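Take a look at the structure set out below.
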Amino acid sequence: MRKNSETSPSGRVRAGLGLGVVAAVAMALGSISAPQAVAGDGNYERSSAARVSGYMKPCFGMLLDAQLRTCGPRHYKGGSRYGYHGRGQADATVDCDRANPRYVEEVVGRIRSGGVLYLKAKNRSCVASLDIKKSITIVGQGYGPQQIPVLVAPPGESAIRISSGADHVILKDMYISAPRSGGMPGVEGSNTELTLQNTQVRYQGDDAAVHLSGGRLNLTENSHIIAKTRSVALAVNNASLFAENSQIATTAGGIYAVLDGDSQMQGVSIQQLADWHGFERGEGATGIEIRLDSGGSILTMNDLKVLYFSQGVSIEGAGEALLSHTLIARSDHGIVLGLNRARVIENTIIANEIGIDVQDGEAFVGRNQIANIRTAGILASATGEIRAVDNQIDPNGEGCPTLKWGSVDPSQRVCTPWYRGSEFDVPGDANDQYMFDEFWPRMTVASADGAATTAPGGPVPYNDLKSKP
């Protein structure tokens, strides 16, 4: 008869040794690996093995104790994440002083749609070309003499490119520099709503500083576009435009826009800089050149300043426009109209040749002050119709009662003054213009509550430069 191992003396000895070894191992693990138990932990206090497993496997430990409620790896600052303060794909902050190269592009690619990216720069800018494919808000630190750009475009590239997948992109308190963009725009977008809010874009290249094709552009809250370009500072194609309380300074053209739908401009200043004054490159520029594509479109422009351009404002197309309470100065042709219906009300126009030129459509012209003109104060071509009332016209010179200006009969003109100057006019109108390198807007700093404050300061007039040693 076979002996039972469990009842035999040798079996009991082997079983006792096995249990002793297991108990010794458990006690060793309990004394070495498990932390000291805390009174009141209940069942978990009496389960040293479970505590060890909980610390070794966080996903298991979170089921046993509230202090172990973590599951998966933790992310710490360091390595490629140095300078980054965020939580995975949610809102994030990048410190350009410490972030590694191309890291800000990686954050833009990972951040959630609708997230907020904060950029900080004290001693070093983020040199990057951001490819934005989702809705995002990027917040900087304002701009001014003590603030360096938070974002600088690499040579030959745009600072920001926005694809049609991004429905809304907001650039707030940003100082963006594109010093060597060549044929690329500084900020470029397609079929999106782009908002520049208290943002400065400083651009040098052959394209537009800001270029939007399709969608809507909002230029608000003391934003500045400063461009040294052979093209225009702002280009808008097949989109709507909303601009208020902002400034554009350019060496060539100011705004070129083909607008779709209603658009509005309020309190915007546009001026041509003096860098190419007297050069062929700077001649013939237009401050605001707009075409309305839709017959139902309405363009409203109020309280603008358009300075130093050969042609101040040009509007044509199929819609209607209102231009009111605007100063247009130092132009050859102040306002040129060629759209269905326009109202030009209570403006001040200082032009060398023609104040208001209605080339096509119907224009209601009232209570305007027109000065310094040599050819015509208000002029209508064969296809243009004028309804004028209470306009004050101050010509340059004695006028010209016998002048025949092309094929237009003098009786069709409200005013036909004429002044014959010298054969060669030495450029001297740049005394009170600014140079590109000297045009710096007043400093704006973003406060803790998000509001922008303005400190004393401003650009230096060109004539002041000549008095410097």
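Results for (1) in contact with a helix residue (DSSP H, G or I) (Cβ under 8 Å, 6 or more places away or on another chain); (2) more than 13 Å from THR229 (Cβ to Cβ); (3) among the hydrophobic types (A, V, I, L, M, F, W, C), shown as yes or no for each residue.
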residue	(1), (2), (3)
ARG161	no, yes, no
GLY165	no, yes, no
VAL169	no, yes, yes
ASP173	no, yes, no
PRO185	no, no, no
GLN200	no, yes, no
ALA209	no, no, yes
Scan GLY182, GLY214 and give me the residue that is surrounded by fewer than 18 Cβ atoms within 10 Å (Cβ to Cβ), of a type outside the set (Phe, Trp, Tyr) and farther than 18 Å from TYR256 by Cβ. GLY182
Name the single residue that is farthest from PRO155 (Cα to Cα) among those in segment 195-206 being surrounded by 21 or more Cβ atoms within 10 Å (Cβ to Cβ) and out of contact with any Asp or Glu (no Cβ under 9 Å at 6 or more places or on another chain). GLN200
So SER314 passes all but one of these: (1) surrounded by 24 or more Cβ atoms within 10 Å (Cβ to Cβ); (2) at pLDDT 95 or above. Which condition number does it fail? (1)
Mind listing just one residue for me: the one in segment 254-289 that is in a strand (DSSP E or B) and among the hydrophobic types (A, V, I, L, M, F, W, C) and, of those, surrounded by the fewest Cβ atoms within 10 Å (Cβ to Cβ)? VAL258
Taking segment 207-242, which residues are touching an Asp or Glu at 6+ places or on another chain (Cβ under 6 Å) and β-branched (Val, Ile, Thr)? THR220
Take residues that are under 18 Å from GLY214 (Cα atoms) and tell me which of the strands (runs of 3 or more DSSP E) falling wholly in segment 118-175 contain 2 or more. 130-132, 160-162, 168-172
Taking VAL169, is it within 23 Å of ALA243 (Cα to Cα) and touching a His at 6+ places or on another chain (Cβ under 8 Å)? no
Any residue in segment 196-224 that's closer than 11 Å to GLY186 by Cβ: show its pairings with residues that are assigned to a strand (DSSP E or B) and of a type in the set (Lys, Arg) at Cβ separation under 6 Å, as long as the two are six or more apart or on different chains. GLN204/LYS228
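The values are calculated or read from the model by the stated rules, or taken from the named source; none is laboratory data. Quick caveat, the model's predicted, so the values are computed rather than measured. All Cβ positions, glycine included, derive from the backbone under ideal geometry; neighbour counts span all protein chains shown.
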